[in-house]
Amino acid sequence: MDTSALKRTPLYPLYTKYGAKVVEFGGWEMPVQFSSILKEHEAVRTRVGLFDVSHMGEFSCVGPGAMSFLQELVTNDVFKLVPGRAMYSPMVNASGTTVDDLLIYCFTPTEFWIVVNAGNIDKDWQWMNSLANHHEVTLRDISSQTALLALQGPLAQSVLQRFTPVDLSTIRFYRFAKGDVLGVPCVISRTGYTGEDGFELYAPCEAAEKLWSTILADKSAEGVVPCGLGARDTLRLEATLPLYGHELTEEIGPLEAGLHAFVKLDKESFVGKDALAKQAKEGLSRRVVGLVVKERGIPRAGYRVFQGDKDIGHVTSGTMSPTLGEPIALAILETPYTSVGLNVEIDIRGKRVSATVVETPFYRRSKETPKKRDQGEDRR
Amino acid sequence: MSQVMQGLKYSKEHEWVKLDGQRATVGITDFAQAELGDIVFVELPAVGQQLKANTTFGTVESVKTVSDLFAPLSGKVVEVNERLQDSPELVNSSPYEDGWMVVLEVEDTAGMNELLDAQAYEAHIAE
């Protein structure tokens, strides 16, 4: 593999020290695992793990027209944002399929951050700038200056609290605060992509190594486990959080992906509204559902799904669920085949295995940990 | 550093073979299990099936990927490691012992000469 064109995060030089296996992901050289995907997965479900997700893109969006620009750009209702709140939203094109899914952070009514998927940074940058011309707004790509660490798991708050004067218990789910962590100015956000409680820390690149090394050296929670993208994927799949390129694509829109709560068709206007409103009115021809495999075999992205002789769709993501101990999948299926309890068959490399449509998420954390409260619809 | 056992023969596809008379025990190497990561599923052929050298005889799946198993020799499957059905992680923890996969009855052991010895396999994985 020619790795010369691949990008690296500021933490790349430390990967080897922590035992990382490095793979190509969306144009980046990223750790797929440090110790073992299963061990890292379990650490996040039961204790705490630390991820380097500095490959994610960050754009600042500033100006008197920033809010109206964002309102037109994405499907969720940006006007609901107030300083200190974050919001998840899909971003669609005129035909209602997905350009990307992203987080918006509101610092002031005229200052925002948009956090996008690593593999879509260039595409999103062009897409947003073409729309920004019509608004009083200045976009700046701050990705290369911004590191992002995700501390995830039930013990995330108690570990992070040792390193910051900010009272973390005051930051509720999908809220954030600016504050020092180890003396480094950070954006501390109670968000994540694992289905557990946790924080994401946006920090200057030059401080990334200090944050990473110090947090991992903490022994208060039996040790913080460094985690790679492999565990990130199994964790998010159990929590049924969509992954761009799988459940959301240039072919699959947010309604088909089941993200109705993040598509506000009562907004005055936004890119793709007409197409999505038409889908909603006429009914969706296909939908993403959860499947649990009842036989031996692991479904993978792209595998076809059948009922009898009829091809009814395909798997968008699949894995052996570490928490459930069963193979699980998300699949986009024709609507008549999406009822919970229905039996279907997945073609696993030429062999049909039976699977059942189930309620999602596959995994939901217990209520004891601080979580959604009044933000029932936000997630990521 | 991956462990390579002396006295075994190896395929370039990272299977090992231990020949005892006409019986060849086959598994995957320490290097292969480490590359795959946590193994969560192993699919093996049925006892009695005839395998042809260099064709696939099963699959091994880790959390992230699926990998085909290639028969290093031609022969008839006389035993499969049933423990791997419920404990596929044995391939990770003990690739050369508890994680063995099949035993073949080999008619013509000349195929062994096509395989790499430990030293050549070490050189192969160092590439």
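Out of curiosity, is A:Ser321 within 14 Å of chain B (Cβ to nearest Cβ), touching a residue at least 24 places away in the same chain (Cβ under 8 Å) and not aromatic (Phe, Trp, Tyr)?
The answer is yes for A:Ser321.
Within the stretch B:83-90, does at least one residue satisfy the condition of being among the hydroxyl-bearing types (Ser, Thr, Tyr) and closer than 24 Å to B:Ala120 by Cα?
No, the stretch B:83-90 contains no residue that is among the hydroxyl-bearing types (Ser, Thr, Tyr) and closer than 24 Å to B:Ala120 by Cα.
Take the stretch A:70-84 and flag every residue that is assigned to a loop (DSSP other than H, G, I, E, B) and not acidic (Asp, Glu).
Listed by number, the residues that qualify are A:Val74, A:Thr75, A:Asn76, A:Leu81, A:Val82, A:Pro83, A:Gly84.
Scan A:Leu216, A:Leu237 and give me the residue that is open to solvent by less than 40 Å² (accessible area, probe 1.4 Å), more than 14 Å from chain B (Cβ to nearest Cβ) and either out of contact with any Ser or Thr (no Cβ under 9 Å at 6 or more places or on another chain) or within 24 Å of A:Phe25 (Cα to Cα) (or both).
None of the other options fit; the residue is A:Leu216.
Which ones in the stretch A:285-300 are away from chain B (no Cβ under 11 Å) and either modelled with pLDDT of 95 or more or assigned to a strand (DSSP E or B) (or both)?
Matches in the stretch A:285-300: A:Ser285, A:Arg286, A:Arg287, A:Val288, A:Val289, A:Gly290, A:Leu291, A:Val292.
Only one residue in A:Val53, A:Val74, A:Val78 is crowded, with 17+ Cβ neighbours inside 10 Å and under 30 Å from A:Gly325 (Cα atoms). Which one?
A:Val53
Exactly one condition in (1) surrounded by 20 or more Cβ atoms within 10 Å (Cβ to Cβ); (2) closer than 29 Å to A:Ala231 by Cα; (3) at pLDDT 95 or above is false for B:Val63; which is it?
Every condition holds for B:Val63 apart from (3).
Give the residue, chosen from A:Thr323, A:Thr319, that is within 30 Å of A:His55 (Cβ to Cβ) and open to solvent by less than 30 Å² (accessible area, probe 1.4 Å).
The match here is A:Thr319.
Identify the single condition in (1) within 14 Å of chain A (Cβ to nearest Cβ); (2) aliphatic (A, V, I, L, M); (3) open to solvent by 50 Å² or more (accessible area, probe 1.4 Å) that B:Ala32 does not satisfy, given that it satisfies every other one.
(3)
What about B:Gly99, is it more than 14 Å from every other protein chain (Cβ to nearest Cβ) and within 30 Å of A:Glu40 (Cα to Cα)?
yes
Quick test for you: out of A:Met91, A:Met67, A:Met30, pick the one residue that is within 14 Å of chain B (Cβ to nearest Cβ), buried (at least 17 other Cβ atoms within 10 Å of the Cβ) and not in a loop (DSSP other than H, G, I, E, B).
Criteria check complete, one pass: A:Met30.
Return the residues of the stretch A:27-59 that are within 19 Å of the chain's Cα centre (by Cα) and of a type in the set (Ser, Thr, Tyr); say none if nothing qualifies.
A:Ser54
Does the stretch A:285-303 hold any residues that are open to solvent by 60 Å² or more (accessible area, probe 1.4 Å) and under 12 Å from A:Ala355 (Cα atoms), and which are they?
Across the stretch A:285-303, the qualifying residues are A:Lys294, A:Glu295, A:Arg296.
So in the stretch B:36-88, with the set limited to residues that are among the acidic types (Asp, Glu) and farther than 23 Å from B:Ser2 by Cα, which one is nearest to the other protein chains (Cβ to nearest Cβ)?
Filtering the stretch B:36-88 for residues that are among the acidic types (Asp, Glu) and farther than 23 Å from B:Ser2 by Cα, the one nearest to the other protein chains (Cβ to nearest Cβ) comes out as B:Glu43.
Might you check whether a residue that is farther than 30 Å from A:Ser220 by Cα, in contact with a helix residue (DSSP H, G or I) (Cβ under 9 Å, 6 or more places away or on another chain) and either crowded, with 19+ Cβ neighbours inside 10 Å or within 11 Å of another protein chain (Cβ to nearest Cβ) (or both) occurs anywhere in the stretch A:6-23?
There is at least one residue in the stretch A:6-23 that is farther than 30 Å from A:Ser220 by Cα, in contact with a helix residue (DSSP H, G or I) (Cβ under 9 Å, 6 or more places away or on another chain) and either crowded, with 19+ Cβ neighbours inside 10 Å or within 11 Å of another protein chain (Cβ to nearest Cβ) (or both).
Can you work out which of the residues in the stretch B:102-127 that are at pLDDT 95 or above and assigned to a loop (DSSP other than H, G, I, E, B) is most open to solvent (accessible area, probe 1.4 Å)?
Looking at residues that are at pLDDT 95 or above and assigned to a loop (DSSP other than H, G, I, E, B), I get B:Asp117.
Quick one: in the stretch B:68-101, which of the residues that are in contact (Cβ under 8 Å) with a residue 24 or more places away in the chain and assigned to a helix (DSSP H, G or I) is most open to solvent (accessible area, probe 1.4 Å)?
So the residue we want is B:Gln85.
The values are calculated or read from the model by the stated rules, or taken from the named source; none is laboratory data. Predicted model only: the values in this text are computed from it and were never measured. Virtual Cβ from ideal backbone geometry, glycine too; neighbours counted across all protein chains shown. Only protein heavy atoms, including side chains, enter the accessible area calculation; ligands, DNA and RNA are left aside. Shrake-Rupley method; radii C 1.70, N 1.55, O 1.52, S 1.80 Å.
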